[in-house]
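To start, the structure under review is shown below, and the notes come after it.
The values are calculated or read from the model by the stated rules, or taken from the named source; none is laboratory data. Since the structure is predicted, the reported quantities are computational estimates derived from the model, not experimental observations. We place every Cβ from the backbone using ideal geometry, glycine too, and count neighbours over all the protein chains shown. Please note that ligands, DNA and RNA were not included when accessible areas were found on the heavy atoms of the full protein model with its side chains. Shrake-Rupley method; radii C 1.70, N 1.55, O 1.52, S 1.80 Å.
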Amino acid sequence: MCYDIILKKINILIEKYTIKSICDYGCGTGGLIDQLAKKLNKPIKFTGIEFFTLYSEEKRPQNRKNIKFIDKASDAFKTLLSCKDKYDLIITSFTLHHFKYPIAEIQTINKLLTKDGIIYLLDHSFVNETEENLVTNISSFTDEIIKSFIDQFHRHFYTLDEVLDLFKCINVKILESNNIKDSIQKIEIDKYTKHHLEHIEKKIKFIKNIDKTILKNYFEKLVCIEKELVQKYKIDYSNFIEIIAKNES
C-alpha cells in the first residue's frame, strides 16, 4: 500500500512539474526506485542513495540502464554534492526516523535539488488514537532508547508539526503537508504484528550478548514489556506524514 501512495503522488508531481531526474534518498535495497522505473514510462534518470551499509549491491535491482546506486559513504557521493548535476525530485520515504542528525540530512537533501526542485517525504507518524497506535509508539521509543546506547540511531516517529519544524532549516516552500490514514484490513495488522514480533526476537538475541550488565538488565525488561503489549494489542503502521516542498534557494 505504501508504494501505491508514493506512485500515485509521484505521477501527479511529474505531470505538474518538469521532472527529468529522480533521487530516492535512503533507497535501501532499491525496491521503490525499481518500481518507479518500471511503472513511470518516461525518459527519467533515477538514482538511489543509501546510507546503511547492510544493503549490498547484490540485493539491488541489476542491469537497469536508467538506475544508478550510490552509497553515501563513498567518494561518488562527495562528488555528487559538489557537481551541478542535481535532481528535479528527491523522494525520502520511511527514512526520517532513522536519521541520527535529521537537520543535517534535510540540508543535504536540499543541496541535491535543482532550482525549484521538489522534495517528497513520507514517514510513519506519531498518532495516539488507538491501543495499536500507543503500542506502535511505545515500540518506536524502545528502539530509540536501545539504539541510542549502542550508537545505531533510531528516532521515535514524529508528528506532522515536528517535521514541519525540521523543514525550517532549509529555504523551501511547503506545498503540501498531510496526515494520511491508510485503510488497512485486520489481516494486514496481523501481518505487521507478526513481522514486529520477529523483530523483537532478534532484539532479544542481540541483548543477550551485551556485556554491560546494567544495560542488559534494563533492555531485557523494556523488550519484555514491549513484546507483551504487541502480543495483546498488535501493531499498526497505517498512519503516515506526507510533505511536499519546493526548493527556493
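On the accessible surface of the chain, probed at 1.4 Å, how many percent belong to carbon and sulfur atoms?
52 percent
Once Cα extents along the principal axes in Å is worked out from the coordinates, which option in [x] 63, 43, 40; [y] 47, 38, 38; [z] 52, 39, 37 does it equal?
[z]
Taking amide H positions as placed in the peptide plane 1.01 Å from N, state which residues far from residue 116 in sequence (5 or more) or on other chains have amide H under 5 Å from it.
When sequence neighbours closer than 5 places are left aside, the close amide H contacts are 247, 249.
Per DSSP helix of 4 or more residues, -39500 (n - 2.57); summed, then divided by the residues of the chain. What does that give at 222 nm, rounded to the nearest 500?
Computed ellipticity for the chain at 222 nm equals -14500 deg cm²/dmol.
Using the Karplus equation 6.51 cos²θ - 1.76 cosθ + 1.60 (θ = phi - 60°), what ³J(HN,Hα) coupling, rounded to whole Hz, does each residue of segment 181-186 give in order, writing x for Gly and Pro?
With the stated coefficients, segment 181-186 comes to 10, 7, 7, 10, 9, 4 Hz.
Among the aspartates and glutamates, which have Cα under 15 Å from the Cα of residue 202 when same-chain residues fewer than 8 positions away are ignored?
The reachable aspartates and glutamates, counting only those whose Cα sits under 15 Å from residue 202, are 143, 220, 226.
Quick one: if the Förster radius is 45 Å, what FRET efficiency do residue 208 and residue 73 give, using the C-beta to C-beta distance and rounding to 0.05?
Rounded to the nearest 0.05, the efficiency is 0.90.
Mind pulling the angle between the C-alpha long axis of helix 213-233 and the longest principal axis of the chain? Nearest 10 degrees, somewhere in 0 to 90.
80 degrees
Using alpha carbons only, how many degrees (0 to 90, rounded to 10) separate the axis of helix 102-111 from the longest principal axis of the chain?
Once rounded, the angle reads 10 degrees.
Report the accessible area of residue 211, computed with a 1.4 Å probe over the heavy atoms of all protein chains in place, in Å² rounded to the nearest 10.
Here the accessible area works out near 140 Å².
Per residue of segment 143-150, what does 6.51 cos²θ - 1.76 cosθ + 1.60 with θ = phi - 60° give for ³J(HN,Hα)? Whole Hz please, x for Gly and Pro, Karplus curve as stated.
4, 4, 4, 4, 6, 5, 6, 10
Return the long-range amide H neighbours of residue 51 (sequence gap of 5 or more, or a different chain), with a cut-off of under 5 Å between placed amide H atoms.
26, 27, 28, 72
At 7 Å along the Cα-to-beta-carbon direction for both residue 128 and residue 15, put a label point, then send me their distance in nm to one decimal.
In this crude label model, residue 128 to residue 15 measures out at 4.0 nm.
What Kirkwood hydrodynamic radius do you get for segment 75-147 when you take the inverse of the mean 1/r over all pairs of distinct Cα atoms, in Å?
14.5 Å
Once you've got the Cα coordinates, tell me which of 191/227; 100/147; 38/194 are over 19 Å apart.
Beyond 19 Å between Cα atoms: 38/194.
Keeping all protein chains in place, calculate the accessible area per residue for the chain (probe 1.4 angstrom), answer in Å².
Accessible surface, normalised per residue, equals 55 Å².
Under 5 Å between amide hydrogens, which residues at least 5 positions from residue 175 or on another chain qualify, with H placed 1.01 Å from N in the peptide plane?
Long-range HN contacts for residue 175: 244, 245, 246.
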